[in-house]
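A.B. asks: Questions regarding the structure given below will be posed in turn.
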Amino acid sequence: MGTINVHALRDVDLSVQTGEFLAVMGPSGSGKSTLMNLLGCLDQPSSGDYYLDGKYVNTMSADEYADIRNQKIGFVFQGFNLLPRTTALENVELPLFYDRQSRFKNPRESALKALDRVGLSDRLDHIPNQLSGGQQQRVAIARALVNEPAIIFADEPTGNLDSRTSMEIFSLFQELNDDGITIVMVTHERDFAFYAKRIIEMHDGQISQDIIISKRRNANVDLARYLRPETEEIVA
């Protein structure tokens, strides 16, 4: 900030293992966004060391950073970030057009599989304004999955969704995580954080708590309770 150096993160030591579901929490200004930007290879750290899936990323060039984002990382954002005049299928195909390693020989087939995985095989030709908020986020999740990343970063993925749709999205995240996909998520909602397996809390650029969740909430169970009528017939 001008001539003043602001240390957004200080002495952060964090390891995320394959198959984890990590929730990052903390007040505004605590360093959550900076941490996500560094982990997601959107920014480079000014000091320290970062390894992603065994690769040392600190000294990579801009092109190498772009490649590792395309090959190793999937992003899910609060605002969906879908192209508005492009179909669900085309939105999901998009990352594969930047695959300079030619890992995917048939982008359309890969996109179809990703959309089927999130339950949207019947919405392939719909553009975003023809989809509900939850369906748009499912398209965004399919786009994050299509390049078979080592890790998915989700930044407030249900911030624009109602409670019911949020539970549906977290049910999908839990299903993907149970299949072995690593997820790191930023959320302000403490209740939603307990859908993860581990929570780190940040304050003033540092990790203040690192908690393993012993009793993980089940999004499917919570959704069933939410949909249950408030008034049920009581039989004596």
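The numbers here are math on the coordinates, done by the rules we state, and not lab data. Model, not experiment: these values are computed from the prediction. Neighbour counts are summed over all protein chains in view; Cβ atoms, including those assigned to glycine, are modelled from backbone coordinates with ideal geometry.
A.B. asks: Let me know the number of lysine pairs in the stretch 21-227 closer than 27 Å at the Cα, not counting same-chain pairs under 8 apart.
C.D. replies: Going through the stretch 21-227 pair by pair, I get 13.
A.B. asks: Taking the Cβ-Cβ separation of Q44 and R228 as r and a Förster radius of 41 Å, what is the calculated FRET efficiency to the nearest 0.05?
C.D. replies: Step by step, r from the Cβ atoms, then E = 0.25.
A.B. asks: Let me ask you something else. What does the stretch 87-175 give for Rg and for Dmax, in Å, if only its C-alpha atoms count?
C.D. replies: Spelled out, the Cα radius of gyration and Dmax of the stretch 87-175 are 12.9, 40 Å.
A.B. asks: What full-extension length gain, to one decimal in nm, is calculated for D63 and E189 as 0.36 nm per residue of separation minus the Cα-Cα distance?
C.D. replies: Full-extension gain reported as 41.8 nm.
A.B. asks: May I pose another question? Arrange the following residues from fewest to most other Cβ atoms within 10 Å of their Cβ: S28, S46.
C.D. replies: Ranked by crowding around the Cβ, least crowded first: S28, S46.
A.B. asks: I've got another one for you. Would you mind computing, in nm to one decimal, how far apart the modelled labels at T3 and R108 are, each placed 7 Å from Cα along Cα→Cβ?
C.D. replies: For the pair T3/R108, the computed spacing is 6.1 nm.
A.B. asks: Eigenvalues of the Cα gyration tensor times 5, then square-rooted: what semi-axes does that give for the stretch 169-223, in whole angstrom, largest first?
C.D. replies: 21, 12, 10
A.B. asks: Given N residues in the stretch 1-97, what is Rg(Cα) / (2.2 N^0.38 Å)?
C.D. replies: In units of the globular-protein estimate, the stretch 1-97 measures up at 1.26.
A.B. asks: May I ask you to give the average projected area over all directions of the convex hull of the Cα atoms of the stretch 46-86, in nm² rounded to one decimal?
C.D. replies: Orientation-averaged projected area of the Cα hull: 4.5 nm².
A.B. asks: With N denoting the number of residues in the chain, provide Rg(C-alpha) divided by 2.2 N^0.38 Å, to two decimal places.
C.D. replies: Relative to the rule-of-thumb radius for its length, the chain sits at 1.08.
A.B. asks: With both bridge residues required to lie in the chain, what share of the DSSP beta bridges run antiparallel, to the nearest 5%?
C.D. replies: For the chain, the DSSP antiparallel bridge percentage is about 30.
A.B. asks: Please arrange D204, D67, D49 by counting, for each residue, the other beta carbons lying within 10 Å of its beta carbon, fewest first.
C.D. replies: In order of increasing Cβ crowding within 10 Å: D49, D204, D67.
A.B. asks: Show that you can apply the helix-only estimate: for the chain, add -39,500 (n - 2.57) for every DSSP H stretch of four or more residues, divide by all residues, and state [θ] at 222 nm to the nearest 500.
C.D. replies: -9500 deg cm²/dmol
A.B. asks: Apply the Karplus curve 6.51 cos²θ - 1.76 cosθ + 1.60, θ = phi - 60°, to the phi angles in the stretch 52-61 and return the couplings in whole Hz, x for Gly and Pro.
C.D. replies: So the J values, rounded to whole Hz, are 10, 6, x, 9, 7, 9, 4, 9, 6, 7.
A.B. asks: Follow-up question, since we're still on this one. What is the sum of charges, Lys and Arg at +1 and Asp and Glu at -1, for the other residues whose Cβ falls under 11 Å from the Cβ of Q209?
C.D. replies: Result for the local shell: -1.
A.B. asks: Hey, if you put +1 on the Cβ of every Lys and Arg and -1 on every Asp and Glu Cβ in the chain, which of N106, P149, Q71 ends up farthest toward the positive end of that dipole?
C.D. replies: Sorting the options by dipole projection puts first N106.
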